[in-house]
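Below is one structure, written out as structure tokens; comments come after it.
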Amino acid sequence: MKVLGIDIGGSAFKAAPVDTKTGKLLAERFRVPISSPCAKGEGLAAARQIVRHFRWKGRVGIGFPGIVQEGRIGAVGNLGEEWEGLNGRAIFTRATGCRVGLANDADAAGLAEMRFGAGKARSGTVLMLTFGTGIGSALFHRGALYPNAELGHIPWGGEPIERFASAAVKTRLDLDWKEWTDRVNVYLRVVERLLSPELIIIGGGVSQDHGQWFKFLHTQAKVVPAKLHNDAGIVGAALAGE
Ligand code: BGC
């Protein structure tokens, strides 16, 4: 099936049509920058602009950076509190005129990696982590997703731990790879102590730079970069629209 996947990140909506059978993008990705926080009107306009850009008429899948249950938006990390409590599926359906499916962005990226990427045929406990503005997490056991695991929100020094170890922190504090990976090690130690994953898949923009920092990681679990790299979010979003 062909589905337009829209991955909502902290700084942009990124989208492309996806063949959900193969996990391949069917056109070059299109990016609409957004403000931080992003007002509801701005976000809905960005989705509309994407649908218009691709002249899309079919299904749309959205990876949303917050809790999503039955299309409804729960707690939101960085996009803005205005989104909390809304029926996400309904408002994006109305804004785009297309049939929309909605899932948490990291759950979506994780599903893409489990189906097409680094998690393929892995049946133990697999954890997908996405490092961006926040830290997204998707937890799988025997291939099944435990939805809305919010492991970027483990408290650390009175704040969500994503404010200590996300990729945005590296940029904001101008940390070098080693300094930032030391923070990621702290985070992964907590996560491993709680969940004992056998495999950790790392996604987000920094997964492309894994050569620079994976060498500094100390984990029990095997750590691998997302095979779909930055496309995992878009491909996963499309799966949410199937
Ligand atoms: C949100 C998660 C999201 C992650 C990555 C966190 O702040 O709470 O739901 O998956 O950011 O976008």
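In sequence order, segment 49-61 has phi-based couplings of 4, 5, 4, 5, 4, 8, 6, 7, 10, x, 7, 10, x Hz under the Karplus curve 6.51 cos²θ - 1.76 cosθ + 1.60, θ = phi - 60°, and Gly or Pro positions carry x. Going by Cα centres, segment 13-91 and segment 157-187 are how many Å apart? Answer, in whole Å: 26.
Just to be sure I understand: of the beta bridges DSSP finds with both ends in the chain, what percent are antiparallel, rounded to 5? Within the chain, antiparallel bridges account for around 60 percent of the total. The heavy atoms of E192 offer some 30 square angstrom of accessible surface to a 1.4 angstrom probe. When both bridge partners sit in segment 1-69, DSSP labels roughly 70% of those beta bridges antiparallel. Here K40 is the anchor, and the lysines within straight C-alpha reach of less than 22 Å, apart from those fewer than 8 places off in the same chain, are K14. Per-residue ellipticity at 222 nm, computed for the chain from helices alone with -39500 (n - 2.57) per DSSP H run of at least four residues, works out to -9000 deg cm²/dmol.
The charge dipole of segment 119-226, taken about its Cα centre with unit charges on the Cβ atoms of Lys, Arg (+1), Asp and Glu (-1) only, comes to about 320 debye. Working note: Karplus 6.51/-1.76/1.60 with θ = phi - 60° gives segment 191-200 the couplings 5, 5, 5, 7, 10, 6, x, 8, 9, 10 Hz, where Gly and Pro are set to x. Here is the P(r) of the chain: all C-alpha pair distances, binned every 10 Å from 0, give 8, 35, 37, 17, 2 in whole percents.
If you place +1 on the Cβ of every Lys and Arg and -1 on the Cβ of every Asp and Glu, how big does the dipole about the Cα centre of the chain come out, in debye to the nearest 20?
On the way: 30 positive and 23 negative charges, 191 e Å.
Here the size comes out at about 920 debye.
How charged is the neighbourhood of W180? Take every other residue with its Cβ under 12 Å from the Cβ of W180, and add Lys/Arg as +1 and Asp/Glu as -1. Every neighbour counted, the sum reads -1.
The HN-Hα couplings worked out from phi for segment 9-23 by the Karplus form 6.51 cos²θ - 1.76 cosθ + 1.60 (θ = phi - 60°) are x, x, 10, 6, 8, 10, 8, 6, x, 10, 8, 6, 7, 9, x Hz, whole numbers, x standing for Gly and Pro.
Over all distinct Cα pairs, what is the inverse of the mean 1/r for segment 119-226, reported as the Kirkwood hydrodynamic radius in Å? Don't skip to the end; give the middle numbers.
Values: mean 1/r = 0.0722 Å⁻¹.
Kirkwood hydrodynamic radius for segment 119-226: 13.8 Å.
As a calculated quantity, the FRET efficiency between A27 and L86 at R0 = 35 Å, using C-beta atoms, amounts to about 0.75. Less than 5 angstrom separates the built amide H of K227 from those of A118, all sequence-distant by 5 or more or on a different chain.
Would you tally the net charge around S35, using a Cβ to Cβ cut-off of less than 13 Å, leaving S35 out, and scoring K and R as +1, D and E as -1?
On the way: positive: K40; negative: E42, E82.
Net charge around S35: -1.
Within the accessible surface of segment 119-226, defined with a 1.4 Å probe on protein heavy atoms only, the carbon and sulfur portion equals 51 percent.
Among DSSP beta bridges lying fully in segment 119-226, give the percent that are antiparallel, nearest 5.
On the way: 12 of 21 bridges.
Counting only bridges with both partners in segment 119-226, antiparallel ones make up about 55 percent.
Ordering F214, H141, W180 by the projection of their Cα atoms onto the charge dipole of segment 119-226, which places +1 on the Cβ of Lys and Arg and -1 on the Cβ of Asp and Glu, puts H141 at the extreme positive end. For K222, neighbours were defined as the other residues whose beta-carbon sits under 15 Å from its Cβ, and their charges (Lys and Arg +1, Asp and Glu -1) total +1.
The values are calculated or read from the model by the stated rules, or taken from the named source; none is laboratory data. Everything quoted here is computed from the prediction, not taken from an experiment. Cβ atoms come from the backbone with ideal geometry, glycine included; neighbour counts cover every protein chain shown. Note: areas computed on protein heavy atoms with side chains; ligands, DNA, RNA excluded. Shrake-Rupley method; radii C 1.70, N 1.55, O 1.52, S 1.80 Å.
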